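Presented below is the structure to which this report refers.
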Amino acid sequence: MAKQVQKKELGLGVRALLTNIEAQSHEKQAEVVRELTHTVAAIPLGEIEVNPFQPRKDFDPEALAELAESLKTHGLIQPITVRRLADRQYQLISGERRLRASKLAGLREVPAYIRLANDQEMIEMALVENIQREDLNAVEVAITFQRLIDECNLTHENLSDRVGKKRSTVTNFLRLLKLPPDIQKGLKSDNISMGHARALLGIDDFAMQHSIFKTIVADQLSVRETEDLIRRYNESRKPKTARSKLSTDYQNVQDTLRNYLGTKVALKVKPNGSGQIAIPFTSTAELNRLLDLVEK
């Protein structure tokens with residue numbers, strides 16, 4: 001019950017910020033933009049229209065269904081971003097996949113950042129300032145990075161310059177947003193570390209990610225133990241290739257050829273006694289060297 005009251009109060013606070021903003025002074029508008037940058041509002045899905053200029057048109061139905069199932073339990077962790085068109089009317093800027101999954105999950109409202117028209121420079125300044133805070137968790141940093149990319153049209157390289165971090169660091173944070181909502185939630189609440197989260201990104205199976213995440217929390221696995229567990233899982237999925245073992249005599253022949261030619265030689269022998277010798281070379285000079293040795 002308290003959660004509902006808090007959500008209502010938050011919504012009312014945002015409504016108050018947006019009321020008659022057109023008539024306010026430039027200084028007041030700048031102040032409102034800064035405030036909205038850090039404020040998440042709960043907006044009914046019926047008040048949000050999709051951006052007609054959204055370049056992405058195709059969404060994987062199976063991935064959407066998986067995300068929708070997770071949202072039913074954990075809610076939307078990463079807010080979408082919308083632009084205010086009029087009172088109770090918004091247009092989506094970023095997060096269409098999350099918006100679609102929220103509709104599939106039957107959610108009535110979603111958390112959203114609200115942008116005003118022509119506030120590009122102000123929003124960028126406010127978001128960069130937000131990154132400098134020391135109390136942000138890894139997911140909050142990742143969300144802010146993604147907002148800078150989506151809302152300020154920045155590349156990873158531009159973003160790394162703006163926030164004073166290496167490009168690889170920026171990329172590692174952004175990859176966290178590919179994790180399912182429950183794992184992002186676990187990262188936000190310190191049930192797992194960023195090291196655990198990065199290891200989980202090495203698994204492309206949604207269900208297995210969730211299973212290993214629960215194992216990490218239940219057994220309090222270290223990052224190293226988690227990495228070993230994931231490595232063993234990935235190795236178990238590799239197809240087993242049939243390898244024909246050479247007999248001792250054939251192995252000796254192969255070793256002799258390798259030693260004499262000074263290069264890798266592969267001797268392949270079939271059960272019926274036929275086979276082939278493969279001798280790779282990297283240049284014409286290397287080929288001539290091998291031919292000279294064969295002629296001798």
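Summary table
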{"quantity": "When residues of the range 110-121 are limited to those that are over 23 Å from I77 (Cβ atoms) and among the hydrophobic types (A, V, I, L, M, F, W, C), the one modelled with the lowest pLDDT", "calculated": "A117"}
{"quantity": "Residue list for the range 162-178, filter: over 15 Å from N137 (Cβ atoms) and polar (S, T, N, Q)", "calculated": "S168, T169, T171"}
{"quantity": "Restricting the range 273-282 to residues that are β-branched (V, I, T) and within 17 Å of N259 (Cα to Cα), the residue that is modelled with the highest pLDDT", "calculated": "I277"}
{"quantity": "Restricting the range 142-166 to residues that are within 15 Å of the chain's Cα centre (by Cα) and not small (G, A, S), the residue that is surrounded by the most Cβ atoms within 10 Å (Cβ to Cβ)", "calculated": "F145"}
{"quantity": "Residues of the range 174-217 classified as free of Cβ contacts under 8 Å to residues at least 24 places away in the same chain and surrounded by fewer than 17 Cβ atoms within 10 Å (Cβ to Cβ), total", "calculated": "8"}
{"quantity": "Pair list, Cβ < 8 Å and 6+ apart or interchain, from the range 87-102 residues that are under 19 Å from L116 (Cα atoms) to residues that are of a type in the set (S, T, Y)", "calculated": "L92/T81; I93/T81; S94/T81; G95/T81"}
{"quantity": "Failed item in (1) surrounded by fewer than 14 Cβ atoms within 10 Å (Cβ to Cβ); (2) outside any loop (DSSP other than H, G, I, E, B), with Y233 passing the rest", "calculated": "(1)"}
{"quantity": "Test result for L107, modelled with pLDDT of 80 or more and under 20 Å from the mean Cα position of the chain (by Cα)", "calculated": "no"}
{"quantity": "Residues being more than 13 Å from the chain's Cα centre (by Cα) and under 29 Å from E157 (Cβ atoms) - total across the range 171-206", "calculated": "5"}
{"quantity": "Checking L17 against (1) at pLDDT below 85; (2) part of a loop (DSSP other than H, G, I, E, B); (3) buried (at least 16 other Cβ atoms within 10 Å of the Cβ); (4) of a type outside the set (S, T, Y), the condition it does not meet", "calculated": "(2)"}
{"quantity": "Qualifying residue in the range 122-134 (condition: in the same structural domain as L76 (by TED's automatic domain parsing), of a type outside the set (K, R) and under 24 Å from G75 (Cβ atoms))", "calculated": "yes"}
{"quantity": "Hey, L136 loosely packed, with under 15 Cβ neighbours inside 10 Å and either at pLDDT 90 or above or under 20 Å from the mean Cα position of the chain (by Cα) (or both) or not", "calculated": "yes"}
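Yes/no matrix, rows are residues, columns are (1) modelled with pLDDT of 80 or more; (2) among the acidic types (D, E); (3) in contact with a Phe, Trp or Tyr (Cβ under 7 Å, 6 or more places away or on another chain):
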residue: R232; (1), (2), (3): yes, no, no
residue: K240; (1), (2), (3): no, no, no
residue: Q251; (1), (2), (3): yes, no, no
residue: Q254; (1), (2), (3): yes, no, no
residue: V265; (1), (2), (3): yes, no, no
residue: T284; (1), (2), (3): no, no, no
residue: R289; (1), (2), (3): no, no, no
residue: E295; (1), (2), (3): no, yes, no
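The values are calculated or read from the model by the stated rules, or taken from the named source; none is laboratory data. Here the structure is a predicted model, which means the values were calculated and not measured. When we count neighbours, we look across all protein chains shown, and the Cβ atoms used for this are built from the backbone with ideal geometry, even at glycine.
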